[in-house]
Amino acid sequence: MSEGESKNTHFGYKTVEADKKADLVAGVFHSVAAKYDIMNDVMSFGIHRFWKRFTIEAAGARPGMKILDLAGGTGDLTAKFSHLVGDRGEVVLADINDSMLKVGRTKLRDKGIVGNVNYVQANAEALPFADNYFDIITIAFGLRNVTDKDAALRSMLRVLKPGGKLMVLEFSKPQHEVMRKAYDLYSFKVLPKMGELITKDADSYEYLAESIRMHPDQDTLKQMMLDAGFEQVKYTNMTDGIVALHLGYKF
């Protein structure tokens, strides 16, 4: 690549300049932020609550821990972690999108969740935290929107304490052909119509469906985590692999 030539990346199925992707993704989440929680329930038929509950239970959070809920959006995981780490602990809800961050902050404060939660607008590729700071990092349904996933994984490794764990909850690849076909039909025919009906924005949900298909599959993401320096990386498929939880440690 010659000097000054732009790198390209994917924005859904479109090829765009890498330095433009963050702004394009931001536009999607500015658009959907206000109805994000409603759409999560509608899109997943409420199953996203099970996926997140499984993640919380697998995290093993304890009083006094420091936890980063990266791409934390409207704060579902942060709310649970806040209770688990207690007054001596800290949860940082970080998101690159200020609209999502504002919705999350308002939602948690309305629930009385204050004191041990901080809010930070941050890019996953260059996290603004000290080395070896967090006991646990979660990133739920956010990694696929990151432009440079390898840089983001290295950044997460840096801010984790030795012995700390990263948990990546993300859409992945269904394991069986029947499920794949049903999932494709739902994603590309039904989902955009839901987006249009509820948020008046079919395009954003078309992008979200495409971004899922462009995200690395289970084994590819596992290898990316190993390459970034994580150890003992494993994953658990949920709902036939529509979603997978990847877990890796820093030693």
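Values for this structure:
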{"read-out": "In region 79-124, residue surrounded by the fewest Cβ atoms within 10 Å (Cβ to Cβ) [restricted to those that are part of a strand (DSSP E or B) and out of contact with any helix residue (DSSP H, G or I) (no Cβ under 7 Å at 6 or more places or on another chain)]", "value": "N118"}
{"read-out": "From R109, R158, R154, residue being closer than 20 Å to H215 by Cα and either in contact (Cβ under 8 Å) with a residue 24 or more places away in the chain or basic (K, R) (or both)", "value": "R154"}
{"read-out": "Selection count, region 57-88, where residues are within 19 Å of H246 (Cα to Cα) and at pLDDT 95 or above", "value": "12"}
{"read-out": "Entirely in region 157-235, the helices (runs of 4 or more DSSP H) that have 2 or more residues that are at pLDDT below 80", "value": "191-199, 202-214"}
{"read-out": "Region 176-191, residues that are touching a residue at least 40 places away in the same chain (Cβ under 8 Å) and exposed (fewer than 13 other Cβ atoms within 10 Å of the Cβ)", "value": "H176"}
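The values are calculated or read from the model by the stated rules, or taken from the named source; none is laboratory data. Quick caveat, the model's predicted, so the values are computed rather than measured. Cβ atoms come from the backbone with ideal geometry, glycine included; neighbour counts cover every protein chain shown.
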